[in-house]
Amino acid sequence: MKDLQTHVALSDMRGNNISHAELDNCLNSFSDKLKECGVQHQTRVAILLDKSIEAVVSILTVRKLGAVYIPIDVHSPRNRICKIIDDCSPDIIIHNGEFNEYSGEKFIIPSPDALTLSVVIHRSTSDPSRSNVTVKETLAYILYTSGSTGAPKGVCVSERAAYAFINWCINTFSIDSSEQIASIAPFHFDLSVCDIYASYLSKATLHLFKPNEVNNVRLMRDELHKRAISFIYSTPSFLSALINYGKIDQLDWSSMSKVLFAGEVFHTKPLHTLMQTMTRASFYNLYGPTETNVCTFHKIEKEESRVIPYPIGNPCAGHQFEITPEGELLIGGPNVAQGYLNQTALTAERFFFKNNLQWFRTGDIVKQEDGSLVYCGRIDKMIKRKGYRIEPGEIESAALLIKSITAAACFSKANEDNEIRIFLLCEGSYEFDQIQLKSDLLNYIPDYMLPDVIKLNSSIPLTSTGKTDYTKLIAEAEYF
Amino acid sequence: MREIEEIKASVRAFLAAHVLHDQGSEVLADSDPLISSRLIDSIVALKLVNHLEEKFNIEFEAHEVDQENLDSVERIAAFVQTKLK
């Protein structure tokens, strides 16, 4: 058993390391400070920090106090950040000082000398008796996902569901204090719940990577190797980029022991290539929308001649499933979220209670094959691109906010390489080019939602009932 | 062709094939931002790095794959030229 005093809890790319003992001291100090600021059981604390030691300390401290953390993507446009903050009405916002509109006290979290953990704590002045979703359970966190009407929606996850998932991770993947875990997923993405908590509770080491670092797969290759990473939980897009552009076959990957992926389909050819390079690793396909975290999984047993994607597997312990006549997967079990914040009607549409379990209508179409579940597509228009969940309606809403655009139609289509491409057609008299349009869109949507193909000042075909004819658009769309 | 012009032409050909499609790459100025304007995303940037390495027989170090060196046709050409020396 490693000595807690020296065993590293968190390590970043700036050479900063903090041991488990030091981390616990930080949590105690920050806990005292946050209590002074009014944080108590179920207080809502928005975390507006880039991935950093400060962010992990903030998240762990908020939970230590039984409060709810709401991680918000700092790289999102201001407009979107404000919509999220208006929706969740946090009592406290912890940020890095770049958000002047949320003025607050600068605080240095007491920590080992070499580290300077600096945050700004903004205390809300709004009415504490704001409207609440009627939540039956103690919440751990609220994660915002793309909303089809243009406003992101907050998925409320209970403490019980969070711990059910975390314990499932630790047990299923035998995570212990020797594990070197790469934190690839941003903290507003539910994969991070495994990263943060499995490492903290097992006393393993979590290596923090920011988005611009993750995007540089040459850098990631060097770091994953240098740090002898043994556990990685990420998206097929990241792993494919590592294979295609990271020149990973030049190195020895015998440290890598567990590779988990989720968020989108991992096509078999690149997956097999990765398995050939990381020969000591076990590979797992994890499935589940934000509303259920991981609800089914499948350990990959390599089939050399397999061409079609591997299954999403079988439900995690304690979970049940049903498939509707239309093929939609319904999941019930301990990991399932409570509902959407401030959205009673939508919550009632998608969530229900049965057999003493919370259930969710996933919107994913599945079929059963040889005792496993296989993913077949969506019943609605939601897009998954590079693991990100994107409602085309959110892109359309953003386009309509731009001057001279009178109508917009957004849809997706996969090219021959199975890459999802997002198309946006705009009607009106927009005076500039698509580069400018993308720039204008970035005032409202994050860059991962930008369309790939844009057609300006074109008329949108309509069906006989006067609705956008998406079927025609998709059939005629040319992709690259 | 001078070396720099050859490199620029190669970059423009890549952009025409991967990004610009119906908009000709002649519309793009040498100094127009590529990454910061979101014209190319991180994956296309990585494809470009692979392309430049193969075409000019050079190797990028991990820290060199960044906006500084890749954000415009002229920056890319200048960077590749230093690698060729």
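Readers should treat all values here as calculations from the given coordinates under stated rules, not as data from a laboratory. Model, not experiment: these values are computed from the prediction. Positions of Cβ are generated from backbone atoms using ideal geometry, with glycine treated the same way; all protein chains shown enter the neighbour counts.
In the frame of its principal axes, the protein assembly as shown has Cα extents of 67, 63, 56 Å, reported largest first. Per the Debye calculation on region A:321-480 with a single equal scatterer at every Cα and no solvent contribution, log₁₀ I(q)/I(0) for q = 0.09, 0.10, 0.21 Å⁻¹ amounts to -0.39, -0.48, -1.34.
Counting only other chain Cβ atoms within 10 Å of each residue's Cβ, the peptide A:240-247 averages 3. The length gained by stretching the chain between A:ASN457 and A:SER254 to full extension, at 0.36 nm per residue less their Cα-Cα distance, is 67.7 nm. Multiplying the residue separation of A:LYS269 and A:SER404 by 0.36 nm and removing their Cα-Cα distance gives an extension gain of 44.2 nm. Checking the table A:LYS226/B:LYS85; A:LYS136/A:LYS203; A:LYS51/A:LYS269; A:LYS247/B:LYS8; A:LYS83/A:LYS136; A:LYS384/B:LYS83 against a 27 Å threshold on Cα-Cα, which pairs fail? The answer is A:LYS226/B:LYS85; A:LYS136/A:LYS203; A:LYS51/A:LYS269; A:LYS384/B:LYS83.
Listed by Cβ neighbour count within 10 Å, with the fewest neighbours leading, A:LYS203, A:LYS106, A:LYS455 appear as A:LYS106, A:LYS455, A:LYS203. The mean number of Cβ atoms from other chains found within 10 Å of a Cβ in peptide A:209-219 is 4, as a whole number. The calculated P(r) of region A:6-74, using every Cα pair and 5 Å bins from 0, goes 4, 18, 26, 23, 18, 9, 3 in percent. If I build a Gaussian network model for chain B, linking alpha-carbon pairs within less than 10 angstrom, which residue out of B:ILE43, B:ILE35, B:ILE58 has the largest mean-square fluctuation? Sorting by GNM fluctuation, first place goes to B:ILE43. Let me know the shape class of region A:391-476, please: from the alpha-carbon gyration tensor, a ≥ b ≥ c as square roots of the eigenvalues, rounded when a/c is under 1.5, otherwise prolate if a/b is greater than b/c, or oblate. It is oblate, given that a/c is not under 1.5 and a/b is not larger than b/c.
Each Lys or Arg adds one and each Asp or Glu subtracts one; over the other residues with Cβ under 13 Å from the Cβ of A:HIS207, this totals -1. Pairs of Cα atoms nearer than 8 Å and 6+ residues apart set the relative contact order; for region A:8-369 it is 13 percent.
Restricting attention to region A:391-476, lysine pairs at least eight places apart or on different chains and with alpha-carbon atoms under 19 angstrom apart total 7.
The separation of region A:15-88 from region A:230-249, counted between C-alpha centres, amounts to 29 Å. Does region A:29-140 classify as rounded, prolate or oblate by the C-alpha gyration tensor (a ≥ b ≥ c root eigenvalues; a/c under 1.5 gives rounded; else a/b over b/c gives prolate, otherwise oblate)? Judged from the Cα gyration tensor, region A:29-140 comes out oblate (a/c at least 1.5, b/c at or above a/b). Per-residue shielding of A:174-181, expressed as the average number of other chain Cβ atoms within 10 Å of the residue Cβ, stands at 0.
One decimal place: the segment A:PHE352-A:ASP380 gains 8.1 nm when fully extended, by the rule 0.36 nm per residue minus the C-alpha distance. Residues in region B:68-79 carry Karplus couplings, in order, of 3, 8, 10, 7, 7, 4, 5, 5, 4, 4, 4, 5 Hz; the curve used is 6.51 cos²θ - 1.76 cosθ + 1.60 with θ = phi - 60°, and Gly or Pro positions show x. What you get for chain A, charging only the Cβ of Lys and Arg (+1) and of Asp and Glu (-1), is a dipole of about 340 debye around the Cα centre.
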